[in-house]
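Note sheet for the following structure.
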Amino acid sequence: MSDTPIASREAALRIALAARALNGLDVRALVGALIAKLESPLTEAKLAALTVEDLRLILAGDFAEQGCHVGVDGEVLKEAVRLLWGQGVANSDFPTVDAYQEGEMPGSLRVAVAANRGENLDGHFGSCERFLIYQVGRDLIKLIAVRSTVEADTAEDKNAARSALINDCQIVYIQSIGGPAAAKAVRAGVHPVKKPGGGKAREVLVELQGRLASPPPWLAQIMGVPSASLARFEEDMASEESA
């Protein structure tokens, strides 16, 4: 397998959606099976050339021992192939990205949200299908990207690859994360925040947004500004020294 087994995020998105359509097929196994058929890297053009019979043979053939063998009927196979071709991808539950230019929200934070369906916080760091990437300022929240985790999951160390995928973010919200994965995220400069109950992504971010004006110590450190409690302490010290 080459260093870049999937040529584009569009191709990765198609594969992720097809795997879901195929009874939640293991994405990494499907990627391996497709590479054996089409060779690396997997491009949108290669995926568009697949037929229903090609996919049927892949699922029933040599890759059954890798978890690719699933009981699917003809209509499910057709739907998976249509997704691999790119048909219906725009109508999937991937939320619409807002227009954004780098630097247009000074003082904002970049935040990743682990997601599986729609615009929700409903994923584990190591198994979510995508990360929703937001720019969060005091007055505005923008969804600026949706990043599929398919290609990261083909890496030997998928948690390190997932951390690299969001290393331009300061915070990642997840329902859960293991200790080793959390350490890798922190090494990538991303602060994990667990919300076991999940919820609507923007509701979680509105809560974060409300804390930007007077951030607690952990958030102040991420933002690179004094926390409210520290600022008050410094003001008190200054008053005492001037007395």
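Things to note:
- Scanning region 179-225 for residues that are hydrophobic (A, V, I, L, M, F, W, C), in contact with a helix residue (DSSP H, G or I) (Cβ under 9 Å, 6 or more places away or on another chain) and open to solvent by 50 Å² or more (accessible area, probe 1.4 Å) yields a count of 3.
- Among the residues making up region 163-173, those that are open to solvent by 30 Å² or more (accessible area, probe 1.4 Å) and more than 9 Å from the chain's Cα centre (by Cα) are Ala164, Asn167, Asp168, Gln170.
- Taking residues in region 126-145 that are of a type in the set (S, T, N, Q), and partners anywhere that are open to solvent by 10 Å² or more (accessible area, probe 1.4 Å) and not in a strand (DSSP E or B), the pairs with Cβ atoms closer than 6 Å and at least 6 places apart or on different chains are Gln135/Met105; Gln135/Ser108.
- Only residues that are assigned to a strand (DSSP E or B) and surrounded by fewer than 20 Cβ atoms within 10 Å (Cβ to Cβ) were counted across region 113-140, and they come to 1.
- Here Ala160 passes the criteria (1) small (Gly, Ala, Ser); (2) open to solvent by 20 Å² or more (accessible area, probe 1.4 Å); (3) not in a helix (DSSP H, G or I) except the one numbered (3).
- Members of region 15-43 found to be on the phi > 0 side of the Ramachandran plot and under 19 Å from the mean Cα position of the chain (by Cα), listed by number: Gly24
- Just so you know, in region 141-157 the residues that are modelled with pLDDT of 95 or more and either open to solvent by less than 10 Å² (accessible area, probe 1.4 Å) or over 13 Å from the mean Cα position of the chain (by Cα) (or both) include one that is nearest to Gly118 (Cα to Cα), and it is Leu143.
The values are calculated or read from the model by the stated rules, or taken from the named source; none is laboratory data. The structure presented is a predicted model; accordingly, all values stated were derived computationally and were not measured. FYI the Cβ positions are ideal-geometry reconstructions off the backbone, even for glycines, and counts take in every protein chain you see. These area figures cover heavy atoms from the full protein model, side chains too; ligands, DNA and RNA do not enter into them. Shrake-Rupley method; radii C 1.70, N 1.55, O 1.52, S 1.80 Å.
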